[in-house]
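Here's the structure, in structure tokens; my notes come after.
The values are calculated or read from the model by the stated rules, or taken from the named source; none is laboratory data. Not measured: the values here are computed from a predicted model. Positions of Cβ are generated from backbone atoms using ideal geometry, with glycine treated the same way; all protein chains shown enter the neighbour counts.
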Amino acid sequence: MGKPKPPSRGELDPPPEGGYPSAADLPAFRKMKQEAAGLRFLVAFRPSMRKELKRLEKQLAHLTDSIDRFYELLADRHWVFHGSLNLDRLTEALTAGQADQLQLAVIDQYADPEKMKFDLLRAKAVPELRRYSTLIDLAFDDYLNARFYSTTLTLLPILDQFASAVSDDRRGLHSLEEQKLIVSNSLVAHHKGLGATQKSFTKSFNTVSDEPLHELHRNGILHGNFTNFNNIIVASKAWNRLFALLDWRESLIEAARLPEKQVKLTDALSQLAETRARTKVIEAWQPRPARSVSEHGQSAVEEEPVTQATVALLEAWKAKNYGALVAYLSESSKGKTKGAHIGEVRKRFAESTLDHFELVSVEMRGAAAGHVVADLTVDGVTQRSEFRMLYTDELGHVYPEGDPKGTWRSIATGPAAIVGRTWPAKE
């Protein structure tokens, strides 16, 4: 008999049926509170820690209270609090206690192109969503141009397919029970969170209505029961559900892992502060003018770090150095040995010989996004090709350019997705 498999994190601390009664009941927050209680004992010996402890306790209470308040105001409208929401931008509305004001504050974040630029990069870097990158970009373009019906109709099938790719029984979001969306230690596992939206999402309708719709009734919209859903509220709820599902996916991965050493309160809050600081760097990033070899010269294009990474990728491909090539591709090697991963990359790239390449232009489209255009001669045929590069770590987490934790990687991970592909110019 083989050695019994140790229980995973999710098995050791499963979520309550129906979700966590309060954000404070999430295991991560409970542990932080316990850590704070332990620190109180040390304050007696080190009074200098008292001010820092009070700050940490206040920060934790503000976070959990804000999440609970969010649901008090918006749960009946089926909004979900997820990790991509900027809590600071919701504080005024939460304090005022006005549901309409809070709803507008949430929608304002999805309507913010600079914020969404980073959030969508994170979404499109997820393996299960990568194939939908173009559709997601089109859905956001429709959203910004008030074609809300198109955004909703584009995102609903993506929600279904994303949930199907992530869930263990391969079922679309429309067929998942509420409890399937409640995962241990998940921010969206609040009892009024993601799971609680399923009843509205999957509700069936037998009649056709021309009345204005403000709910994300998936079945009613796709089956033609509603004709008047072309508004920013429904489209924003589709974005809200997508980002909530991203958090759900992350929680499923974490819940399946084996327990690790307990995270200290100070470490957890330090990570939170680091994330906020990184977000501020991204939001404060200033664009640089696009550069082309024809107008600005070869050196002006080559001096961009994203260009240098692209050249390194192309040189590795040309030299058939697949071990070096792996480092410049945005894909996970989880569950694979280094040799197996390199073997997969070799299989993809060895079928196409890169004879020659010439740089054409470079354009930075965000703090973590750059586009490099080059003429590639592959198997004797030259085609203009555009590389979409993301600044990420090995796990796909997005960082602002220059952060030591990240490097430039290509979203496209094979010749079929690279050669001859170009993308719409930035407006």
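Output the residues belonging to segment 358-379 that are farther than 18 Å from Pro305 by Cβ and either at pLDDT 95 or above or surrounded by 18 or more Cβ atoms within 10 Å (Cβ to Cβ) (or both). Steps first, answer last, please.
Of segment 358-379, the ones farther than 18 Å from Pro305 by Cβ are 358, 375-379.
Passing the criteria: Glu358, Asp375, Leu376, Thr377, Val378.
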**OP:** Keeping to segment 380-394, report how many residues are under 14 Å from Thr310 (Cα atoms) and touching a His at 6+ places or on another chain (Cβ under 9 Å).
**Re:** 4
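In this structure, does Ser200 turn out to be in contact (Cβ under 8 Å) with a residue 24 or more places away in the chain, over 30 Å from Tyr328 (Cβ atoms) and surrounded by fewer than 20 Cβ atoms within 10 Å (Cβ to Cβ)? Outline the logic, then answer.
Values: in contact (Cβ under 8 Å) with a residue 24 or more places away in the chain: yes; over 30 Å from Tyr328 (Cβ atoms): yes; surrounded by fewer than 20 Cβ atoms within 10 Å (Cβ to Cβ): yes.
Yes, satisfied.
Which of the residues belonging to segment 345-393 are charged (D, E, K, R) and under 30 Å from Phe118 (Cβ atoms)?
The initial filter retains those residues of segment 345-393 that are charged (D, E, K, R), namely 346-348, 351, 355, 358, 363, 365, 375, 379, 384, 386, 388, 393.
Within segment 345-393, Arg348, Glu363, Arg365, Arg384, Glu386, Arg388, Asp393 qualify.
Can you tell me which residues in segment 71-102 are acidic (Asp, Glu) and under 20 Å from His191 (Cα atoms)? Talk me through it step by step, then tell me what you get.
First, pick out the residues of segment 71-102 that are acidic (Asp, Glu): 72, 76, 88, 92, 100.
Glu72, Asp76, listed by residue number.
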Original post:
Quick one: how many residues across segment 34-82 are at pLDDT below 80, part of a helix (DSSP H, G or I) and of a type in the set (Phe, Trp, Tyr)?
Top reply: 1
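Using the structure shown, decide if Ala312 is in a helix (DSSP H, G or I), out of contact with any strand residue (DSSP E or B) (no Cβ under 6 Å at 6 or more places or on another chain) and surrounded by fewer than 20 Cβ atoms within 10 Å (Cβ to Cβ).
Details: in a helix (DSSP H, G or I): yes; out of contact with any strand residue (DSSP E or B) (no Cβ under 6 Å at 6 or more places or on another chain): yes; surrounded by fewer than 20 Cβ atoms within 10 Å (Cβ to Cβ): yes.
In short, yes.
What do you reckon, is Leu87 surrounded by fewer than 18 Cβ atoms within 10 Å (Cβ to Cβ), modelled with pLDDT of 95 or more and of a type in the set (A, V, I, L, M, F, W, C)? Give the derivation first.
Values: surrounded by fewer than 18 Cβ atoms within 10 Å (Cβ to Cβ): yes; modelled with pLDDT of 95 or more: no; of a type in the set (A, V, I, L, M, F, W, C): yes.
Answer is no for this residue.
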**OP:** Check Ala189, Ala125, Ala105 and return the single one that is among the small types (Gly, Ala, Ser) and closer than 23 Å to Pro212 by Cα.
**Re:** Ala105
Original post:
Any residue at all in segment 391-412 that is within 17 Å of the chain's Cα centre (by Cα), charged (D, E, K, R) and surrounded by fewer than 20 Cβ atoms within 10 Å (Cβ to Cβ)?
Top reply: yes
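How many of the residues in segment 87-130 are part of a helix (DSSP H, G or I) and within 19 Å of Leu63 (Cβ to Cβ)? Break it down into steps so the answer makes sense when it comes.
Just the residues of segment 87-130 that are part of a helix (DSSP H, G or I), to begin with: 87-89, 91-96, 99-110, 113-124, 127-130.
Checking which are within 19 Å of Leu63 (Cβ to Cβ) leaves us with 87-89, 91-96, 102, 105-106, 109.
Qualifying residue count, segment 87-130: 13.
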**OP:** Kindly provide the set of residues from segment 122-171 that are touching a Leu at 6+ places or on another chain (Cβ under 9 Å) and surrounded by fewer than 17 Cβ atoms within 10 Å (Cβ to Cβ), ordered by number.
**Re:** Leu135, Asp137, Pro157, Gln161, Ala165, Asp168, Asp169
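Condition test on Glu331, is it within 28 Å of Ile253 (Cα to Cα) and out of contact with any Phe, Trp or Tyr (no Cβ under 8 Å at 6 or more places or on another chain)? Don't jump to the end; show me each part of the working.
Working: within 28 Å of Ile253 (Cα to Cα): yes; out of contact with any Phe, Trp or Tyr (no Cβ under 8 Å at 6 or more places or on another chain): yes.
Yes; evaluated as a whole, the condition is true for this residue.
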Original post:
Here are some conditions: (1) among the small types (Gly, Ala, Ser); (2) loosely packed, with under 15 Cβ neighbours inside 10 Å; (3) without any contact (Cβ under 8 Å) to a residue 60 or more places away in the chain. Ser385 meets all but one. Which one does it not meet?
Top reply: (2)
**OP:** Tell me, yes or no, whether segment 141-149 has at least one residue that is more than 25 Å from Arg249 (Cα to Cα) and either at pLDDT below 95 or touching a Ser or Thr at 6+ places or on another chain (Cβ under 6 Å) (or both).
**Re:** yes
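With the structure loaded, tell me whether Leu395 is touching a residue at least 12 places away in the same chain (Cβ under 8 Å), among the aliphatic types (A, V, I, L, M) and under 25 Å from Ala284 (Cβ atoms) or whether it fails that test. Steps first, please.
Working: touching a residue at least 12 places away in the same chain (Cβ under 8 Å): yes; among the aliphatic types (A, V, I, L, M): yes; under 25 Å from Ala284 (Cβ atoms): yes.
So Leu395 fits the description; yes.
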